[in-house]
Amino acid sequence: MNECAVCVSPWCVRLACGPLVGLCAAWGSLALGCSELPAPPLKRDRQRAEAAIRELLQAAYARTDTTAKGDLSKQLLALAAAEKKDLAQRYVALRQARELGEAAGEFDIARRAQEQLDLEFAPPAPRGGSVVDVSSWHLEMTFDARNGTVTLYVSNAQAKLDYPIEALTIPALVSLEGREEPLDLDLKPVPLAGEPTGKCSRFSGTAAELAQAKVFKLALVVPIEKNSYRARLVWEADKARTGFVCPMDCEAGKLYEEQAKCPICGMALTGPEEAHSDHNPKHGGQFFMAPNRWHHLEGVLVGQEFRLYLYNNFTKPISAQSFENDARVRIVGLDEKGKEVGKPVEKKLKASAQAAEWLEVAVPKDTAVPFQITAFLLFDGQAKPERFDFIFNKP
């Protein structure tokens, strides 16, 4: 290949002073009035792919005006939609479409690219919150809109193991719509069960000004091991329905517009409340929202017994007995990196004889921490059970 006189990329991308002509759909050449050149090799690794395409676009930033950047952002978004096989290319196209769209004032393009990134490539959110990765760690923020409580969880990058750090108060700044000055919020350590003295993976703070907030941004610096990491998390409330519900959930979450009595049990309807406004554990366990976006689950380890609590979309307890027939768990040990070790054990989840709202199973006595319990539950209207992973790193 001949070296390009303008761009030093090993892909030999040729740029000229003419107007932007187009971007090859196979990651070929970025052409500014020049002929198409061979496509670069596929990159499966996201970071390498991102670095390579950034190098490719640096010259485009230098040689194109705002209109050309806007055109390029649209082409990148279209390219991402067309790319079905290579996720690295799709990821990079969406990232660059967002950045170029913002630079060109094409905010609709930037918004659509960000929505697609959130949908396809967002880090896992085991507790149904807002997430961000910092270096080799994973931060997840949950929010209780009823009292303005923000909770931050620290885990490894795969969100499989809670990662206790120094149990120190983490100061944060909250940008809230309608408020000019940021709100100071201290996130104080709230250790999970079994975490070592002086260590904590859960931090929480409450501010009355945040109660019923729909959208806000949290900025903080989190000290992990010997470094400090700056992070920003955004909370956007689900587009949830509001109304009155039966406290006994007689009609599976049915909402009533007016406060009256349940036509089935006769109890007074409660509310108004907002569905999905509370994703905080009720028994100190690990909390999930099911893919059907209605059921919620909480896994708790009580001695050598694993309990699985079931809730509705308002995080109200529901009977777990109807899930018993198809419910099972898989129990397996983990190493320090979260990889499975030893032979997995499969067991049935059974309805508790003590209460109706949880299923339970005995954990083998020789199971050493850390270990993973994978629960499988079949919800109404689904052909296959859903999977939920619970990681326990302390007895």
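The values are calculated or read from the model by the stated rules, or taken from the named source; none is laboratory data. What you are looking at is a predicted structure, and each value in this text was computed from that prediction instead of being measured. With ideal geometry, Cβ positions are generated from the backbone for all residues, glycine too; neighbour counts draw on all protein chains shown.
Taking the numbered list (1) touching a strand residue (DSSP E or B) at 6+ places or on another chain (Cβ under 9 Å); (2) without any contact (Cβ under 8 Å) to a residue 24 or more places away in the chain in turn, residue 392 passes all entries but (2).
Report yes if some residue within the stretch 296-310 is part of a loop (DSSP other than H, G, I, E, B) and at pLDDT 85 or above; otherwise report no. Spell out how you get there, then give the answer.
Here is the first cut: in the stretch 296-310, the residues part of a loop (DSSP other than H, G, I, E, B) are 303-304.
Narrowing further to those that are at pLDDT 85 or above: 303-304.
For the stretch 296-310, residues part of a loop (DSSP other than H, G, I, E, B) and at pLDDT 85 or above: present.
Answer with yes or no whether residue 382 is over 24 Å from the mean Cα position of the chain (by Cα), polar (S, T, N, Q) and more than 30 Å from residue 204 (Cα to Cα). No, not satisfied. When residue 315 is tested against (1) within 26 Å of the chain's Cα centre (by Cα); (2) hydroxyl-bearing (Ser, Thr, Tyr); (3) at pLDDT 90 or above, only condition (3) is not met.
Residues in the stretch 358-393 that are in contact with a Leu (Cβ under 6 Å, 6 or more places away or on another chain) and not in a strand (DSSP E or B): 370, 385, 393. Considering 299, 338, 303, 333, the condition of being surrounded by 12 or more Cβ atoms within 10 Å (Cβ to Cβ) and free of Cβ contacts under 8 Å to residues at least 40 places away in the same chain is satisfied by 333 alone.
Yes/no per residue for (1) closer than 23 Å to residue 136 by Cα; (2) out of contact with any Asp or Glu (no Cβ under 7 Å at 6 or more places or on another chain); (3) not in a strand (DSSP E or B):
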residue: 155; (1), (2), (3): yes, no, no
residue: 172; (1), (2), (3): yes, yes, no
residue: 180; (1), (2), (3): no, yes, yes
residue: 184; (1), (2), (3): no, yes, no
residue: 188; (1), (2), (3): yes, yes, no
residue: 192; (1), (2), (3): yes, no, yes
residue: 195; (1), (2), (3): yes, yes, yes
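Within the stretch 169-211, take every residue that is in contact with a Gly (Cβ under 8 Å, 6 or more places away or on another chain) and farther than 29 Å from residue 392 by Cβ and give me the one that is surrounded by the fewest Cβ atoms within 10 Å (Cβ to Cβ).
Filtering first and then ranking leaves 208.
Please find, within the stretch 96-133, the residue that is surrounded by the most Cβ atoms within 10 Å (Cβ to Cβ) out of those that are basic (Lys, Arg) and modelled with pLDDT of 75 or more. Among those residues, the one meeting the criterion is 98.
Just one of the listed residues (282, 347, 337) is part of a strand (DSSP E or B) and either modelled with pLDDT of 95 or more or not hydroxyl-bearing (Ser, Thr, Tyr) (or both), namely 347.
Looking at this structure, is residue 363 surrounded by 13 or more Cβ atoms within 10 Å (Cβ to Cβ) and either more than 20 Å from residue 304 (Cα to Cα) or under 26 Å from the mean Cα position of the chain (by Cα) (or both)? No; evaluated as a whole, the condition is false for this residue.
Flag set for residue 232, criterion: loosely packed, with under 15 Cβ neighbours inside 10 Å and either hydroxyl-bearing (Ser, Thr, Tyr) or within 16 Å of residue 153 (Cα to Cα) (or both).
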